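Reviewing the structure listed below.
The values are calculated or read from the model by the stated rules, or taken from the named source; none is laboratory data. Just so it is clear, the structure is predicted and the values come from calculations on it, not from any experiment. Heads up, the Cβs are rebuilt from the backbone with ideal geometry, glycines too, and the neighbour counts pull from every protein chain shown.
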Amino acid sequence: MGPTEAALITTEEAAEDIRLSCQVKVRGDVRLEIPPELLAVNEYVAVVEAITDLTYDIKRLRFRLKDPERIEFVPGQYIQLFTPRYHGNEEVYRAYSIASDPADKTAIDLIVRLVPNGICTTWCFEYLKVGDEVKFNGPYGEFHLSDTDAEILFIAGGSGMAPIECLLHHMRNLASTRRATYFFGGNNPRDMFMAAEMRQFEAELADFTYRPAVSRPQPGDGWDGEVGLVTEVLDRHVAGPSAAEAYLCGSPGMIDAAIKVLESKGITAERTFYDKFA
């Protein structure tokens, strides 16, 4: 192993004979093993079936599959949505978690938050219309529920709602009895959405609690729920040491802050799961 490669390989990886393929010269026969999940990746054409405003800066997009007409994915995975050129912008792909019920293989829902000057989100908010054709590929990601009976802590904010909703659909479909608490945060009451859907999951799941939190409620907002950053609310309600598993989706900053709280409760990296989108 040369110095270029050694600088990027950890001691643990080196012990497992992990190498950087771009730095290795092949001098004999090679056997390639492709993870089964990669074989499920495909290109899809779909039609926009519905666009729903969830908040002032978050929309729900429903895509009905056209070619192929069905998709197989693991609840928690994401797709890469293609954005065509418009107004001089380049073509781009952007990652969005699937929010919809995995029992429906003929359509997917995305929850998209507007990013100022974002190429894809501006296209979704200002140009995309019901009836338009879209392209995406996938599914991708290793974010999914474990097959244990451990207590679950869901932690999310904003459009991070998407994969958590999908996982809740999955739990309902399985009639799961695992204890789960969902900590969902926003800055103001107007950032909160899908409360009715979450209360329905509370009614349908055996042991599920939805715990929304607003960090900066103002007098007159009428907010009577948890107050504080979602990580602060998490800290207040989770006693340590905890044997729970944590599933996170949100900004890198929120995820980093949540990991610190989880570590203080004894929830190790092996029991903390997330896809960190920038």
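Taking (1) at pLDDT below 95; (2) touching a helix residue (DSSP H, G or I) at 6+ places or on another chain (Cβ under 8 Å); (3) within 26 Å of L145 (Cβ to Cβ) in turn, P75 satisfies each apart from (1). I155 meets each of the listed conditions (1) within 11 Å of the chain's Cα centre (by Cα); (2) modelled with pLDDT of 95 or more; (3) under 23 Å from R62 (Cα atoms); (4) not polar (S, T, N, Q) apart from (3).
Taking region 236-257 as the range and being of a type in the set (A, V, I, L, M, F, W, C) and surrounded by 14 or more Cβ atoms within 10 Å (Cβ to Cβ) as the test, the residues that pass are V238, A244, A246, L248, C249, M254, I255, A257.
Pairs are defined by a Cβ separation below 9 Å, a sequence spacing of at least 6 or placement on different chains, a first member in region 56-74 that is within 24 Å of P116 (Cα to Cα), and a second member that is basic (K, R); the pairs so defined are Y56/R190; D57/R113; I58/R113; K59/R113.
Whenever a residue of region 219-239 is β-branched (V, I, T), its partners that are surrounded by fewer than 13 Cβ atoms within 10 Å (Cβ to Cβ), lying with C-beta atoms within less than 9 angstrom and at least six residues away or across chains, give the pairs T231/K260.
Just one of the numbered conditions (1) under 24 Å from D109 (Cα atoms); (2) of a type outside the set (A, V, I, L, M); (3) surrounded by 21 or more Cβ atoms within 10 Å (Cβ to Cβ) is not true of S176: (3). Counting residues in region 124-137 that are within 17 Å of the chain's Cα centre (by Cα) and either modelled with pLDDT under 95 or surrounded by fewer than 15 Cβ atoms within 10 Å (Cβ to Cβ) (or both) gives one or more.
Could you check, for region 218-233, whether at least one of its residues is within 21 Å of S97 (Cβ to Cβ) and of a type outside the set (D, E)? Yes, that holds for at least one residue.
If you go through region 202-218 and keep only what is out of contact with any Asp or Glu (no Cβ under 7 Å at 6 or more places or on another chain) and either without any contact (Cβ under 8 Å) to a residue 12 or more places away in the chain or buried (at least 21 other Cβ atoms within 10 Å of the Cβ) (or both), you end up with E202, A203, V214. A count restricted to region 171-223 and to residues that are among the charged types (D, E, K, R) and farther than 20 Å from P75 by Cβ stands at 6. Only residues that are in contact (Cβ under 8 Å) with a residue 60 or more places away in the chain, aliphatic (A, V, I, L, M), buried (at least 21 other Cβ atoms within 10 Å of the Cβ) and in contact with a helix residue (DSSP H, G or I) (Cβ under 9 Å, 6 or more places away or on another chain) were counted in region 78-114, giving 2.
Residue under question is A14, and the condition is that it be exposed (fewer than 15 other Cβ atoms within 10 Å of the Cβ) and among the small types (G, A, S); does it hold? Yes; evaluated as a whole, the condition is true for this residue.
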